Amino acid sequence: MSAPDISADELIAKYREENIARVKLAFADLDGVHRGKYVSLEKFAGIAGGTAGFCDCVLGWDVNDQLYDNAKFTGWHTAFPDAKYRIDLATERRLPDEDGTPLFIVDFKGDDDGLHPICPRNQLRRVLQKADGMGYGARMAFEYEFFIFDETPHTIREKNYRDLTPLSPGNFGYSVIRNSAHADLFHEFMDYCIAMDFPLEGLHCETGPGVWEGAIAVDDALRAADKAALFKTLAKSFFNQRGLTATFMAKWSMDYPGQSGHVHQSLVNVEGDGVFHDANAEHGMSAVMRQFVAGQQRFLKPFLSLCAPTINSYTRLVKGAWAPTTSAWGVDNRTTALRVIPGTAKSQRVEFRIGPADANPYLIAAASLGAGLLGIENKFDPGEPLTGNAYEQEAALPPERQLATNLRDAIRDLEPSAEARTLFGDAFIDHFIASRDWEIREHERHVTDWQLARYFEII
């Protein structure tokens, strides 16, 4: 992340000239949900150049604000002290729907003012430090599918999340009719994304009623993850303020395809030149790219829960649903988890396709990049690319290429991984596993609609 163009004092003076009264702060929790608050300009002036405190419960509760009962890092036993945070002044945005109120991303800080062991954004920083030590920078671009409903948060609850009215009916993937019918909304949203510094390279209707897909422009990895996290949060705010609701659930209905959060990735050297391309190599893949892909292929199984972190994530990872079910790689193959995209020195990249839209951008970026770097360190070879339909060849792949089909098995694969603990630290891995164990138990104690329809009358 580059340094801000102006100092904290200059920024505060500018806000006073503009009669800015308050600033909004946001940070991503373990699930990638932005938490934060407004602070007065006076408060901002007092903390902009240093640190402040925020209750660490936000790193110890779930998406429903329920406290984990199994975590060591924080809980009733620690009395929920403040965790120090620092405002990243380089992340300033102005909120057009809030009269230009400034928004900043914040990081939690460790006791020694270093990287916080639990903060997801700091986990990506940690992996990026490793990349830097190896002489590489990372470039990423996120793309998201999401459903939009002609509903408000109140009407959704009144309908108990059933029989919702989508923004538009029918599947209509890549429809010119649908984007023309909602042209004003498409244009307004794309302009909004530009204003919020996560410009879209493309926006189109995807398959499913009211489904859009937005491809965020490429950037350095940390900035790309920031943009992805803010895109998800602020897209929801944008549509809420227009009487609509967007969801990034991996799969909201079994009647429709799941929603992906693919990540396009490449590495550059210290001069900023791409290192994935070799014009004389097969598929244009340099030795570094082959090793990077091999690392991702090898460690996708133990790292899967970091990339697919919810119960719902695994309803998308099924055969024939435009989502991978193994860690296979291929060249321009959309049935594999790792899609190598041949191109030039600038455009050669791998598309990491395992991620659902509900993944935490910081953790999926850290896990995928970290796996690739381990591949380079160990000079792994990915073998031959898989060609044709990967779903039909799944059974023939070795066990280490087979992926968990549920969150419980995924965290069982993560827990003993020495590579994950080296990359992210024992404290983070143990806390993350505890949080997913809590998520599983919360799921298991609820009677589902499927169970009622299946058993209520006949049993």
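Since every read-out is calculated from the coordinates, none of them should be taken as a lab result. Just so we're clear, the structure is a prediction, and the values are computed from it rather than from any experiment. Don't worry about glycine lacking a Cβ; one is built from the backbone with ideal geometry, like all the others, and counts go over all protein chains shown.
Quick check: net charge around GLY114, other residues with Cβ under 14 Å of its Cβ, Lys/Arg +1 and Asp/Glu -1?
Numbers: positive: LYS84, ARG86, LYS109, ARG121, ARG125, ARG126; negative: ASP107, ASP111, ASP112, ASP113.
Net charge in that neighbourhood comes out at +2.
Share of antiparallel DSSP beta bridges in the chain, in percent to the nearest 5? Intermediate values should be presented prior to the final figure.
Working: 55 of 61 bridges.
For the chain, the DSSP antiparallel bridge percentage is about 90.
If you add up the charges near ARG298, with Lys and Arg at +1 and Asp and Glu at -1, over every other residue whose beta carbon is less than 11 angstrom from its beta carbon, what do you get? Don't jump to the answer; show the numbers that get you there.
Details: positive: LYS301, ARG401; negative: ASP381, GLU400, GLU419.
Neighbour charge sum, excluding ARG298 itself: -1.
For SER168, what residues show an amide H to amide H distance below 5 Å, using hydrogens built from the backbone and excluding near sequence neighbours?
Sorted by chain and number, the residues that satisfy this are GLY210.
Of LYS14/LYS43; LYS301/LYS379; LYS43/LYS232; LYS24/LYS236; LYS130/LYS379; LYS159/LYS227, which pairs sit farther than 25 Å apart, going by alpha carbon to alpha carbon? All intermediate terms of the calculation are to be shown ahead of the outcome.
Working: LYS14/LYS43 15 Å; LYS301/LYS379 19 Å; LYS43/LYS232 27 Å; LYS24/LYS236 17 Å; LYS130/LYS379 16 Å; LYS159/LYS227 32 Å.
The pairs that break the limit, which is 25 Å between Cα atoms, are LYS43/LYS232; LYS159/LYS227.
Relative to the Cα centre, what is the charge dipole magnitude of the range 279-430, using +1 at the beta carbon of each Lys and Arg, -1 at the beta carbon of each Asp and Glu, and rounding to the nearest 20 debye? Mind dumping the intermediate values first?
Working: 15 positive and 16 negative charges, 63 e Å.
Computed charge dipole of the range 279-430: roughly 300 debye.
Using Cα pairs closer than 8 Å and at least 6 residues apart in sequence, work out the relative contact order for the range 8-117, in percent.
On the way: 167 pairs, mean separation 27.9, N = 110.
Result for the range 8-117 is 25 percent.
Along the positive direction of the dipole of the chain (beta-carbon charges: Lys, Arg +1; Asp, Glu -1; about the Cα centre), which of ILE20, ASN406, ALA195 reaches farthest?
So the residue furthest toward the plus end is ASN406.
Magnitude of the Cβ-charge dipole of the range 136-255, K/R +1 and D/E -1, about the Cα centre, nearest 20 debye? Walk me through the intermediate numbers first.
Working: 11 positive and 17 negative charges, 64 e Å.
Charge dipole, the range 136-255, about its Cα centre: 300 debye, nearest 20.
Below 8 Å between Cα atoms, with a sequence gap of 6+, how large is the relative contact order for the chain in percent? Walk me through the intermediate numbers first.
On the way: 892 pairs, mean separation 70.4, N = 459.
Value for the chain: 15 percent.
State the answer as a single residue: which of ALA365, GLY355, ILE376 lies farthest towards the positive end of the charge dipole of the range 261-383, with beta carbon charges of +1 for Lys and Arg and -1 for Asp and Glu, about the Cα centre.
GLY355
Can you tell which of PHE149, LEU128, SER180 lies farthest toward the positive end of the dipole of the range 125-188, using +1 and -1 charges on the Cβ of basic and acidic side chains (Lys, Arg; Asp, Glu)?
Ranked along the dipole, the leading option is LEU128.
Step by step: find N for the range 306-459, compute 2.2 N^0.38 Å, then divide the Cα radius of gyration by it. What's the final number? Write down the numbers at each step before the final one.
Values: Rg = 17.6 Å, N = 154, 2.2 N^0.38 = 14.9 Å.
Here the answer is 1.18, to two decimals.
Where in the chain are the DSSP H helices whose C-alpha atoms run 15 Å or more along the long axis and whose mean Kyte hydropathy is at least 0.0? Numbers along the way, then the final one.
Values: long enough: 120-133 (20 Å, -1.41); 183-195 (18 Å, 0.53); 221-240 (28 Å, 0.29); 287-307 (28 Å, 0.48); 361-377 (24 Å, 1.35); 426-444 (27 Å, -0.81).
Sorted by number, the helices that extend far enough and score high enough are 183-195, 221-240, 287-307, 361-377.
Hand me the trypsin sites (Lys or Arg not before Pro) from the range 157-232 located in a DSSP loop with no more than 15 other Cβ atoms within 10 Å, in residue order please. Intermediate results must be reported in sequence, preceding the final value.
Values: sites: ARG157, LYS159, ARG162, ARG178, ARG223, LYS227, LYS232; in loops: LYS159, ARG162.
Passing sites in the range 157-232 are LYS159, ARG162.
Treating the beta-carbon of each Lys and Arg as +1 and of each Asp and Glu as -1, no other charges, what is the dipole magnitude of the chain about its Cα centre, to the nearest 20 debye? Show your work: numbers first, answer last.
Details: 47 positive and 65 negative charges, 91 e Å.
With Lys and Arg at +1 and Asp and Glu at -1, about 440 debye.
If one puts a single equal scatterer on every Cα of the chain and applies the Debye formula without solvent, what log₁₀ I(q)/I(0) results at q = 0.10 Å⁻¹?
-0.75
Given only helices, namely DSSP H runs of n ≥ 4 each adding -39500 (n - 2.57), what is the per-residue ellipticity at 222 nm of the chain, to the nearest 500 deg cm²/dmol? Could the numbers behind the result be given before it?
Numbers: 15 runs with 163 residues, N = 459.
Computed mean residue ellipticity for the chain: -10500 deg cm²/dmol.
Give me the one-decimal Kirkwood hydrodynamic radius in Å for the range 127-254, with the sum taken over alpha-carbon pairs.
Numbers: mean 1/r = 0.0636 Å⁻¹.
Roughly 15.7 Å, rounded to one decimal.
Which of the trypsin sites (Lys or Arg not before Pro) found in the range 284-329 are in a DSSP loop and have at most 15 neighbouring Cβ atoms, other than their own, within 10 Å? List each step's numbers first, then the result.
Numbers: sites: ARG290, ARG298, ARG316, LYS319; in loops: LYS319.
Within the range 284-329, the qualifying trypsin sites (Lys or Arg not before Pro) (loop, at most 15 other Cβ atoms within 10 Å) are LYS319.
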